[in-house]
1. Once the range 28-143 is represented by equal point scatterers at the alpha-carbon sites, with solvent omitted, what log10 I(q)/I(0) does the Debye formula produce at q = 0.14, 0.17, 0.18, 0.22 Å⁻¹?
2. Apply the Karplus parameterisation 6.51 cos²θ - 1.76 cosθ + 1.60, with θ equal to phi minus 60°, to every residue of the range 26-32 and state each ³J(HN,Hα) to the nearest whole Hz, in sequence, with x for glycine and proline.
3. Ignoring ligands, DNA and RNA, how do M121, M69 rank by accessible area with a 1.4 Å probe, largest first?
4. Charges at C-beta only: +1 for Lys and Arg, -1 for Asp and Glu. How large is the resulting dipole of the range 35-143 about its Cα centre, in Debye rounded to 20?
5. Give a residue-ordered list of calculated ³J(HN,Hα) values for the range 64-75 (Karplus: 6.51 cos²θ - 1.76 cosθ + 1.60, θ = phi - 60°; whole Hz; x for Gly, Pro).
6. For the ranges 86-99, 105-118, 27-40, what's the packing order if you count other beta-carbon atoms within 10 Å of each residue, average per peptide, and put the highest first?
7. What number comes out for the charge environment of S55, summing +1 per Lys or Arg and -1 per Asp or Glu over other residues with Cβ under 13 Å away?
8. Under a plain spin-label model, where a point goes 7 Å from the Cα along Cα-to-Cβ, how far apart in nm are K45 and S120?
Amino acid sequence: MLCSSSRPRWAWFLLLLVTPAALAADWRRPEAQLAEKIAAITGPKVMVLEVTSRSSIGASETELIRRGMIASLSDSGVRISEAEPAAGTVRVTLSESLQNYVWLAEIQMGTNDASVAIVSMPRPDSAINPQPAPLLTLHATHL
């Protein structure tokens, strides 16, 4: 039997375990959408994948997204490798606006011009943190 003081600790512990899994599941749809667009451009080739975040998405989430992108690309016929020669490079940048997450994939194959694929998805309400705009006061000074 748990004493009443340990129940809140267990609740926090369970919340910490469940939260990363729940957040990871949120990225599956955009990962699959972007992977389909990348595969349509590259075809079934071996590529190098680079994922960087220019958004509020943290390093651990970015790593989860990178792993999810590798799985989604594999499902779409694109293999990701760093060891064997690759046909090109896919650079995914995670960014955001006030309303949406915006993911951009720049695909460079050989000496061809780079191609771009973009997906966006609404940010959850909790991610939007409206801050009051700073007050601006103009003063006129005659010289």
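The values are calculated or read from the model by the stated rules, or taken from the named source; none is laboratory data. Bear in mind that the values here come from a model prediction, so they are computed numbers and not experimental data. No Cβ is skipped: glycine too gets one built from the backbone with ideal geometry, and neighbour counts run over all protein chains shown. Ligands, DNA and RNA are excluded from the accessible area calculation, which covers all protein heavy atoms including side chains. Shrake-Rupley method; radii C 1.70, N 1.55, O 1.52, S 1.80 Å.
1. The Debye formula, applied to the Cα set alone, gives -0.60, -0.81, -0.89, -1.22.
2. Those phi angles translate into 5, 8, 4, 5, x, 4, 5 Hz.
3. Putting M121, M69 in descending order of accessible area: M121, M69.
4. For the range 35-143, the charge dipole is close to 60 debye.
5. Each residue's phi maps through the Karplus curve to give 4, 5, 4, 5, x, 5, 4, 5, 5, 5, 4, 4 Hz.
6. Descending packing order for the listed peptides: 27-40, 86-99, 105-118.
7. 0
8. Inter-label distance under the simple model: 2.8 nm.
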